[in-house]
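Undergrad: I'd like to ask some things about the structure below.
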Amino acid sequence: MNTNGAATSSAAAGGGGGALAVTVDSSSAAKKNSKKPKYSKFTQQELPACKPILTPGLVITTFTIIGIIFIPIGLVSLSASEHVVEIVDRYDEVCASIHSDKVAYIQNSLTNKSCTRTLIVPKLMKSPVFIYYQLDNFYQNHRRYVKSRNDKQLRSKAAEFDTTSCEPEDKSSAGPIVPCGLIAWSLFNDTYGFSVKNKMLEVNKKNIAWDSDKEHKFGSDVYPKNFQSGGLIGGAKLNSSIPLSEQEDLIVWMRTAALPNFRKLYGRIEEDLQANDKITVVIQNNYNTYSFGGKKKLVLSTTSWIGGKNDFLGIAYITVGGLCLFLAVSFILLYIIKPRPLGDPSYLSWNRCPSGHPN
């Protein structure tokens with residue numbers, strides 16, 4: 001009897017142990033399959049944090065400091081922008097005014113596209129005077145246009161035959177086009193000549209591109225090949241004896257603009273222009289903006305410590321600073337007229353409406 005009872009107890013104990021093992025195994029499997037992250041102060045948002053109490057004094061002081069700092073910065077920026085002398089001349093309409101069909105005029109290679117403009121210097125323009133061409137309504141940021149280039153081909157002669165993503169300007173009947181793609185094909189090709197009092201002004205076109213582009217994006221062993229050799233010419237032609245790393249007009253053009261209205265550097269005049277000087281500009285009006293309703297402008301500009309003329313920066317600083325001062329004064333008046341003690345529990349919603357029903 002005792003032996004049988006011991007056996008029975010042992011079997012019962014063994015059965016209980018198996019159930020416990022199954023339970024442990026299932027809980028381990030559940031933990032393995034769980035997506036719950038391991039405990040850490042970061043996942044449980046228990047890291048030390050600064051939680052300032054926004055008292056009226058702190059808020060008013062912060063707004064006042066921001067206003068006092070921002071307004072002088074804005075005034076200085078506006079003053080610097082005002083000292084920049086800028087001449088902007090739109091010439092596309094004037095230079096084609098005698099032609100009723102402007103698209104046919106600009107596409108005809110036999111017509112004389114020379115155009116003379118006279119610009120008056122409003123006040124002293126100290127050297128260097130930067131020359132820009134400005135295009136409006138030209139979407140260089142279009143997805144297909146931006147993708148139509150091959151950076152490997154631009155960097156290395158070994159990748160000359162790599163014209164991937166350059167369609168439709170990838171190959172000609174003579175072989176691959178270098179540089180290929182629509183961006184290079186549509187290179188701006190208007191030219192400008194400047195003179196004052198019958199004296200020609202030299203335009204320096206060196207160092208107008210970023211050094212990083214010249215050194216890393218365009219190869220010194222890559223030369224133009226089969227470029228603009230098709231039936232439809234998109235823009236300027238390139239000298240096949242000069243490597244791409246030295247073709248700075250191309251490098252400037254191929255840094256595509258983010259907005260449809262943009263300026264690109266054409267060159268520099270490295271001598272002062274006196275007030276009331278009359279600048280005679282001879283323009284070769286070659287670039288076709290008429291087919292898509294674009295505009296062409298010539299810009300002469302000096303610079304300041306913040307760059308070119310830019311009133312927006314100063315206006316933004318003054319606006320933000322003025323708004324902060326206005327809010328600071330408003331909070332001061334509110335605090336004086338209707339003061340409220342900090343941590344007053346009577347303002348809690350359940351204390352203002354004890355019955356639980358809002359008024």
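Undergrad: So, in the stretch 93-121, exactly how many residues are at pLDDT 90 or above, hydrophobic (A, V, I, L, M, F, W, C) and loosely packed, with under 11 Cβ neighbours inside 10 Å?
TA: Looking only at that region, the number is 1.
Undergrad: Among the listed residues 156, 127, 172, identify the single one that is under 19 Å from residue 280 (Cβ atoms) and among the small types (Gly, Ala, Ser).
TA: 127
Undergrad: Given the criteria modelled with pLDDT of 70 or more and of a type in the set (Gly, Ala, Ser), does residue 18 qualify?
TA: no
Undergrad: All but one of (1) over 30 Å from residue 95 (Cα atoms); (2) assigned to a loop (DSSP other than H, G, I, E, B) hold for residue 227, so report the exception by its number.
TA: So the condition that residue 227 fails would be (1).
Undergrad: Moving on to the next point. Among (1) in a loop (DSSP other than H, G, I, E, B); (2) among the hydroxyl-bearing types (Ser, Thr, Tyr); (3) free of Cβ contacts under 8 Å to residues at least 60 places away in the same chain, which single condition is residue 212 missing?
TA: Unmet condition: (1).
Undergrad: Out of everything in the stretch 130-146 that is touching a residue at least 40 places away in the same chain (Cβ under 8 Å) and farther than 24 Å from residue 280 by Cα, what residue ends up being least open to solvent (accessible area, probe 1.4 Å)? Quick ask: steps written out before the conclusion?
TA: So in the stretch 130-146, the residues touching a residue at least 40 places away in the same chain (Cβ under 8 Å) come out as 130-141, 145-146.
Subsequent filtering for residues that are farther than 24 Å from residue 280 by Cα retains 137-141, 145-146.
Numbers: 137: 61, 138: 24, 139: 124, 140: 0, 141: 70, 145: 29, 146: 57 Å².
So, considering only residues that are touching a residue at least 40 places away in the same chain (Cβ under 8 Å) and farther than 24 Å from residue 280 by Cα, the one least open to solvent (accessible area, probe 1.4 Å) is 140.
Undergrad: I need the full set of residues from the stretch 23-55 which are modelled with pLDDT of 70 or more and either over 30 Å from residue 343 (Cβ atoms) or part of a helix (DSSP H, G or I) (or both), in order please. First the steps, then the outcome.
TA: Within the stretch 23-55, the subset modelled with pLDDT of 70 or more is 33-55.
Within the stretch 23-55, 33, 34, 35, 36, 37, 38, 39, 40, 42, 43 qualify.
Undergrad: Go through (1) within 30 Å of residue 339 (Cβ to Cβ); (2) at pLDDT 95 or above for residue 58 and report which single condition fails.
TA: With respect to (1) within 30 Å of residue 339 (Cβ to Cβ); (2) at pLDDT 95 or above, residue 58 is out only on (2).
Undergrad: Further, regarding this structure: Which of (1) open to solvent by 80 Å² or more (accessible area, probe 1.4 Å); (2) farther than 22 Å from residue 133 by Cβ; (3) at pLDDT 90 or above; (4) not β-branched (Val, Ile, Thr) is the odd one out, the single condition residue 357 does not satisfy?
TA: (3)
Undergrad: I need a count of the residues in the stretch 274-314 that are over 30 Å from residue 71 (Cβ atoms) and not aliphatic (A, V, I, L, M).
TA: Qualifying residue count for the region: 19.
Undergrad: Quickly run through the stretch 170-195 and pick out the residues that are assigned to a strand (DSSP E or B), surrounded by fewer than 17 Cβ atoms within 10 Å (Cβ to Cβ) and modelled with pLDDT under 95.
TA: Of everything in the stretch 170-195, those that are assigned to a strand (DSSP E or B), surrounded by fewer than 17 Cβ atoms within 10 Å (Cβ to Cβ) and modelled with pLDDT under 95 turn out to be 171, 172, 175.
Undergrad: Within the group 220, 165, which residue is surrounded by fewer than 18 Cβ atoms within 10 Å (Cβ to Cβ), at pLDDT below 95 and closer than 24 Å to residue 142 by Cα?
TA: Every option except 165 fails the conditions.
The values are calculated or read from the model by the stated rules, or taken from the named source; none is laboratory data. All values reported here derive from a predicted model rather than from experimental measurement. Cβ sites come from the backbone with ideal geometry, for glycine too, and all protein chains shown count toward neighbours. When the accessible area is computed, the model is the full protein with side chains, heavy atoms only, and any ligands, DNA or RNA have been set aside. Shrake-Rupley method; radii C 1.70, N 1.55, O 1.52, S 1.80 Å.
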